[in-house]
């Protein structure tokens, strides 16, 4: 929210209503989203912080994060995207916290990684190859395994590095009073058949 407020002040817009979808700042944000995703959001809801939350396809979401990550290779064309990508990679713990999954992925694989609400994850390599994953039940348990496997299937992630990272970020499934390991997340045949 501080970035929204700083941007509203820079625009000379009213600060009191900066979360209103019709506020000049939010209209500017929507223009950038449309430019990067290549599509107009199908709906705009409200996120947990009260900000407008545009709904779009996973294809559009992947296209958008791919452009941000890809700016690392073509920084002159997209200076703002390059700045965002580089800041995420330079300070990954500010994205998700120390030793959290997004941070580990960015530190060890050099990918842009951002977990979202309701089971959404976006991942992108410096060449712009990207994946967007949505788990229908809203959980995040399988997101990294599926998303990183998709990127590995097209050569955007080294398999040896991927294996080491997955060991760090995939949590075992525990149960019982003693919280013992009772299962693990694995790719299903339906997923592996398309990889």
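The values are calculated or read from the model by the stated rules, or taken from the named source; none is laboratory data. Only a predicted model underlies this, so the values are computations on that prediction, with no experimental measurement involved. Here the Cβ is made from the backbone with ideal geometry for all residues, glycine too, and neighbour counts use every protein chain on show.
List of remarks:
- Yes/no for residue 113 being outside any loop (DSSP other than H, G, I, E, B), touching a strand residue (DSSP E or B) at 6+ places or on another chain (Cβ under 8 Å) and not assigned by TED's automatic domain parsing to the domain that holds residue 45: yes
- Of the candidates 176, 119, the single residue that is farther than 17 Å from residue 66 by Cβ and within 12 Å of the chain's Cα centre (by Cα) is 119.
- For region 1-51, residues that are more than 29 Å from residue 131 (Cα to Cα) and not in a helix (DSSP H, G or I) total 10.
- Any hit, region 183-190, residues being free of Cβ contacts under 8 Å to residues at least 12 places away in the same chain, in contact with a strand residue (DSSP E or B) (Cβ under 9 Å, 6 or more places away or on another chain) and over 26 Å from residue 67 (Cα atoms): yes
- Note on region 59-88: residues that are surrounded by fewer than 18 Cβ atoms within 10 Å (Cβ to Cβ) and under 19 Å from residue 132 (Cα atoms) total 2.
- Per-region count, region 164-187, residues in contact with a helix residue (DSSP H, G or I) (Cβ under 9 Å, 6 or more places away or on another chain), assigned to a helix (DSSP H, G or I) and closer than 23 Å to residue 135 by Cα: 4
- Checking each residue of region 102-110 against the condition of being in a helix (DSSP H, G or I) and more than 18 Å from residue 170 (Cβ to Cβ) gives no match.
- Residue, surrounded by the fewest Cβ atoms within 10 Å (Cβ to Cβ), within region 2-56, restricted to residues that are on the phi > 0 side of the Ramachandran plot and in contact (Cβ under 8 Å) with a residue 24 or more places away in the chain: 50
- Answer residue from region 89-101, given it is assigned to a helix (DSSP H, G or I) and within 15 Å of the chain's Cα centre (by Cα) and is surrounded by the fewest Cβ atoms within 10 Å (Cβ to Cβ) among those: 94
- Selected residue [at pLDDT 90 or above, touching a helix residue (DSSP H, G or I) at 6+ places or on another chain (Cβ under 7 Å) and either within 28 Å of residue 125 (Cα to Cα) or not in a loop (DSSP other than H, G, I, E, B) (or both)] from 85, 62: 85
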